[in-house]
Amino acid sequence: MASKNLNLSQLTGEKTYSEIVFKRVWGRVEAYKSIHPQQKILMMAFGDTTQPLPPIVVQALMDAANRLGKLQTYTGYEDINGNLTLRQAISTNYYQKKMGLKLAPEEIFISDGAQSVSVNIQDLFAINNKVAVPNPAYPSFVEGTLLAGRTLVDLPCGEENNFVPNQPEEKVDLIYLCFPNNPTGSVATRKQLQGFVDYARNHHAVIIFDAVYSQFITTAEIPQSIYEIEGATECAIEIGSFSKMANFTGLRVGWCVIPEALTIKNTVPGELNQLWRTRNAIKFWGTANVAQHGAIAVLSQQGQKECQQVINYYLQNACLLRKALQKTGLHCFGGIDSPFLWLKAPQGLSSWEFFEKMLYSTGIVGVPGCVFGSSGEGYLRLSALGRREEIIAVVEELEQWQY
């Protein structure tokens, strides 16, 4: 008799981030709008991009699509692990030229964005592996672990350590880290990351490092890649994405790096890399080839110039928001090396109470911090990935707001 997946079943009923945001957050917004139809809603909740694709990317996509429309230039399936030209561009134009890191194209795997690979990467590891996740955290780290049925270990984060967790006090096998962080906007110093690398090497653990927002880093000496830390190629997998740096949220192109030097129990150098190739051949058949040609354009000299303008646009949004929030007296984190701002609720309000206070008095919609974990209670996340006119409208509302 067939039976349901109990791990999946236990995640239904407003227990996942998407369910909570689209039902509880958006539900409360819709209820408020029905009573106050004249109130302008300023949506600062979603981490979706709003600016158009860079011109060079649009041209590359059109050229790739046109090639598929002609018999002489049509191509079918792409390399399962990614277009070689794209993997070479990530190796050379991204890691080597930007950070001075040497990673071979064979160590880079193209994905359909960071979301899927951040969960699916657990396919490499035994079911009894224990997984440590910061709290608060990007929800897929937690949800993917629970879906797999693995044991979850919280790494609490708070203001006292700028929302960077301490190394686990107990033995764990996998450690998720995300810097610049979503939701808190925090960054980790070289010393803090070295501590995690040392822990991983000493305990034969693996760090899964989400570096999706690394291109937003402007503060000197803050690492953009875990591989800037000595020893990291022996113990870390890195995840990257074109979503935020090039407005690819609709095109879905990302990557992960599985170094040849990475080893765990009962493996030799290069084995995990090969296992991921085998896994891809079974459960994944490659990222859309048209989208990959757009990503190749992103990493060209002109593409990087145009994408930096995109990043600067969102960072300027964050700067405007941060200044306006600070003028109100609110305690604000992030928004410097990240498009996310993390607000501490005033007057001891809970996350949901703060959410409602902002909505009812200003029309501003964020995501309650408790949605990202118990340590997010008492905070609210705002996104600066909106259009400039929306950001200016938020600033104007905040200038008149007294909490």
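Measuring between their Cα centroids, the stretch 297-324 and the stretch 329-381 lie 24 Å from each other. Between the alpha-carbon centers of the stretch 93-150 and the stretch 160-176, tell me the distance in whole angstrom. The stretch 93-150 and the stretch 160-176 have Cα centres separated by 16 Å. A Förster distance of 51 Å, applied to the separation of the beta-carbon atoms of residue 4 and residue 395, puts the FRET efficiency at 0.60.
Arranged from highest to lowest average of other beta-carbon atoms within 10 Å per residue, in what order do the peptides 19-25, 264-270 appear?
Working: 19-25: 15.7, 264-270: 11.9.
Ranking, from highest mean packing down: 19-25, 264-270.
Listed from fewest to most Cβ neighbours within 10 Å, the set 99, 44 follows the order 99, 44.
Residues with beta-carbon under 13 Å from that of residue 243, excluding residue 243: net charge, scoring Lys, Arg +1 and Asp, Glu -1? Intermediate values should be presented prior to the final figure.
On the way: positive: 244, 252; negative: 48, 112, 210.
Overall, the nearby charge balance is -1.
In this simple spin-label model, placing a label point 7 Å from the Cα along the Cα-to-Cβ direction at both residue 19 and residue 73 gives a separation of 4.7 nm.
Give me the percent of Cα-Cα pairs in the chain that sit more than 36 Å apart, rounded to a whole number.
Details: 20511 of 81003 pairs.
When every Cα pair of the chain is considered, 25 percent fall beyond 36 Å.
For the chain, the mean residue ellipticity at 222 nm estimated from helices alone is -10500 deg cm²/dmol, where every DSSP H run of n ≥ 4 contributes -39500 (n - 2.57) and the total is divided by all residues, rounded to the nearest 500.
With respect to the cross-link table entries 130/191; 15/40; 15/283; 33/244; 23/323; 327/357, which display a Cα-Cα separation exceeding 22 Å?
Details: 130/191 25 Å; 15/40 29 Å; 15/283 26 Å; 33/244 30 Å; 23/323 31 Å; 327/357 18 Å.
Over 22 Å Cα-Cα: 130/191; 15/40; 15/283; 33/244; 23/323.
Computed from the coordinates by the stated procedures, all read-outs in this text should not be read as laboratory data. Worth saying up front: this structure is predicted, and the values here are computed from it rather than measured. Backbone-built Cβ (ideal geometry, glycine too); neighbour counts: all protein chains shown.
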